[in-house]
Amino acid sequence: MATEFQIDGMTCGNCARQVADAIQAVPEVRSAAVSLERRIAVVQWNGAQNVPAVLLAVQHAGYAANEMVGAVQARHSNWHGALWAGIVVTAVLMSGEWIFKTDRVRWFQWLSFILAGIVQFYSGAQFYRGAWRQLKMAATNMDTLVALGSTTAFGYSAWALISGTGGHLYFMEAAAIITLISLGHWIEARVSEKAGNAVNALLNLAPQTAQILFRNPERLHEVPVSELRTNDEILLRPGDCVPVDGIVVDGESTVDESSLTGESRAAEKNVGRELFAGTVNVNGWLVMRVTATGEETALARVIAAVQRAQTSRADIQRLGDRVSAVFVPAVVVIAFGAGLWWGLAPASAHSVHNLFGHVLWHSHTPVGVAAGFIIAAAVLIVACPCAMGLATPAAIMAAANAAARRGILIRDGIALEKAGRITALVFDKTGTLTMGTPEVASILEIQQARFKPQCLAAALARASSHPLSRAVAALSTETIELDNWREVHGAGIEAQVRRIPGLVRLGSLRWLAANNVDLDRAEQFIAKWTAAGSNVIGLAVENNPLAFFATLDALKPDAVNVIKQLRGQGLKIFMVTGDNARTAAGVATQAGISADHVFAEAQPAQKADFVKKLQTEGERVAFVGDGINDAPALAQANLGIAVTRASDIARESADIVLLRSEITGVPEALALARATLRTIKQNLFWAFFYNSIGVPLASLGFVSPIFCAAAMGVSDLIVVGNALRLLRRKYWV
């Protein structure tokens, strides 16, 4: 279930971030996506909805929220009108002062007072409201600094005009501060949309209606997708978009799944194959039976995962949070001190300014009481901490967007951060490095019992879901009656077969040897096929061998190249498998993995132990797997990566999910994570550098309030623009 809330009081991306953080702190909330432009928050729930808790959380964060019910439309930001008013007024005032030189003319000063007042209390109203809400919560933010800075310049100028004190008035500066900061935030909001447009693209994938079939196949009826129910049957024509998840019950076609998985090749679909909402039927007619609707579809889960990632936090963000918590009060103190210094001790302030001016530049500074007000305003404006607040979330949003485009789902910012620090990668073999669909490549018959070995083995294997059992079961369809059938986990199958005295076993060589089965007669066969990376299993009656089967699970086409790429990234590569050591070594050699980096004959719990062993050696380990047996290792690893078709448990244990069957997404995901971590560090460095340079320069009178307002907006754009580079694949390298 999702609920939309109207949010008031947001003026920048950092405000939207604070609202999202506040909402996500509510226990019942699964994820929250906040739109600055539309002033709404879309909340996904874990179960029961707790609207009052969300409203209270937003209020405590210093903003106002109301639940949107029915057809109520979100109110878009009024920045457009306020921004244009500021631009027009600022242009008029700048023309009067800089072109026509009328700033000392009395009538123009009064006109400036009126026009600047419009900007101050109309265009700047959003900053005043935001500052007031924060003040009521005993907190401060960017709105506080903007409101104080612009009010200082406007208030001093109004006092000087009315009292007739004379001197230069700063109405133009007051209007320019509001206008430039509003313009910067407007551009920032537009640019930020590009960093997070993956969700919008996904939301537009599924159609609004579907052609539903009734009992008469000739009868079609178009219905809204919201009215579809499980087991409904839908007709898909060439070019139709799949509206919900389902299974093909009639027809053949190819389906373009690139929008969901990033896979460029169309997938073949026939009876029994799965279809997913948001994909496109290419060239055939299909009838599908609905299996999932609404938020149960794969598309909805992908959207929720991307939203969760885009609004998540990373541990590195705590540094910025700690600084921001004391930054605004500290800046207010610095601005107050600088204002008193320039207002009460102008000679001292000018002497220090001139001293540094020989190294930097000489700037025209105000004199008298005006200097105190204007210098204080400049400090307040230049120090706005927006860039600091955007440094991490902008990068995470862009990275989650870039990953989603390539069929890579990242759980949250912490997962990205962990992925960027990985030193070792452990691959599960079956279904991850290999295709996961082994076939019997060769058979060695030792002797025959009452039934052919292939038929007997197939009968034993038919009831098992193990991949090797399925390969053997495909050898024959002959029915043989079995008694006391039992599967020994990790070893094989045994049963009683009528008219055959003794227990019949099909399973691993190690298990057969433990039951005193003679393997000597198959020694050459075993050596040949295990060296080729094949799994050899045996069929025996008591301790008498009947046959041996070499099952071969081919490497995925891109496996060798993926291993090479990962090694090129400086990672140590390991492989873990339940296969015997000789088979594992053969597969590892083909894939390009060192034999001493292979852990064979591993049970599920032992896979996790192997990961733990590497961690005790100082490695930060990522585990790549695809099945329920991999869940313990995925959970133990510093970073869990689940490939497509992974079981639900494997997916829940994973930090990153690859929606494509190929493992090419692994080096892409890790390269993106490192690039994201690098970008976050660059952004934080810039934010700290900007403020550490800007505040002293403003305090010493080297930069005017107008320049400070422009610089603050530019710093925000630099941070967001740097994050947007993550959308380009070549930047990851």
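Considering (1) closer than 28 Å to Val332 by Cβ; (2) assigned to a helix (DSSP H, G or I), the lone condition that Trp98 does not fulfil carries the number (1). All conditions in (1) out of contact with any helix residue (DSSP H, G or I) (no Cβ under 8 Å at 6 or more places or on another chain); (2) open to solvent by less than 60 Å² (accessible area, probe 1.4 Å) hold for Leu409, with the sole exception of (1). Counting only residues that are under 46 Å from the mean Cα position of the chain (by Cα) and of a type in the set (S, T, N, Q), which one in the range 151-176 is surrounded by the fewest Cβ atoms within 10 Å (Cβ to Cβ)? So the residue we want is Thr151.
Filter the range 40-52 down to the residues that are open to solvent by 30 Å² or more (accessible area, probe 1.4 Å) and either touching a residue at least 12 places away in the same chain (Cβ under 8 Å) or aliphatic (A, V, I, L, M) (or both) and list them by number.
Within the range 40-52, Val42, Asn46, Gly47, Ala48, Gln49, Asn50 qualify.
Remark: pairs (first residue in the range 483-501, over 30 Å from Ala605 (Cα atoms) and touching a residue at least 12 places away in the same chain (Cβ under 8 Å); second residue open to solvent by 60 Å² or more (accessible area, probe 1.4 Å) and part of a strand (DSSP E or B); Cβ separation under 7 Å; 6+ apart in sequence or on different chains) = Asp483/Gln496; Gln496/Asn484. Based on what the data block shows, is Leu56 part of a helix (DSSP H, G or I), over 30 Å from Leu180 (Cβ atoms) and under 39 Å from the mean Cα position of the chain (by Cα)? Judged against the criteria, Leu56 is a match. Among the residues of the range 440-499, those identified as touching a Pro at 6+ places or on another chain (Cβ under 7 Å) and over 15 Å from Pro545 (Cα atoms) are Pro467, Leu468, Ala471.
Among the residues making up the range 137-184, those that are hydrophobic (A, V, I, L, M, F, W, C), part of a loop (DSSP other than H, G, I, E, B) and under 23 Å from Asn14 (Cβ atoms) are Met137, Ala138, Ala139.
The sole residue among Gly502, Gly533, Gly490 that is of a type in the set (Gly, Ala, Ser) and in a strand (DSSP E or B) is Gly502.
Kindly indicate whether any position in the range 101-116 is over 35 Å from the mean Cα position of the chain (by Cα), of a type in the set (D, E, K, R) and surrounded by 15 or more Cβ atoms within 10 Å (Cβ to Cβ).
yes
Looking at the range 453-461, can you tell me whether even one residue there is within 15 Å of Val536 (Cα to Cα), open to solvent by 20 Å² or more (accessible area, probe 1.4 Å) and either of a type in the set (Val, Ile, Thr) or modelled with pLDDT of 90 or more (or both)? Within the range 453-461, one or more residues are within 15 Å of Val536 (Cα to Cα), open to solvent by 20 Å² or more (accessible area, probe 1.4 Å) and either of a type in the set (Val, Ile, Thr) or modelled with pLDDT of 90 or more (or both).
Step by step: first the residues of the range 518-542, then only those that are open to solvent by less than 10 Å² (accessible area, probe 1.4 Å) and in contact with a Pro (Cβ under 9 Å, 6 or more places away or on another chain), then the one that is modelled with the lowest pLDDT. Which residue is that? Can you show your working first?
We begin by selecting, within the range 518-542, every residue open to solvent by less than 10 Å² (accessible area, probe 1.4 Å); these are 522, 526, 530, 533-534, 536, 538-540.
Checking the rest, the ones that are also in contact with a Pro (Cβ under 9 Å, 6 or more places away or on another chain) come to 522, 534, 538-539.
Working: Ala522: 91, Ser534: 86, Gly538: 94, Leu539: 95.
In this case the residue turns out to be Ser534.
The values are calculated or read from the model by the stated rules, or taken from the named source; none is laboratory data. Here the structure is a predicted model, which is why all the values come from computation and not from measurement. Note that we place each Cβ from the backbone using ideal geometry, even for glycine, and neighbour counts take in every protein chain shown. Accessible surface is based on the protein model in full, side chains and every heavy atom, while ligands, DNA and RNA are left aside. Shrake-Rupley method; radii C 1.70, N 1.55, O 1.52, S 1.80 Å.
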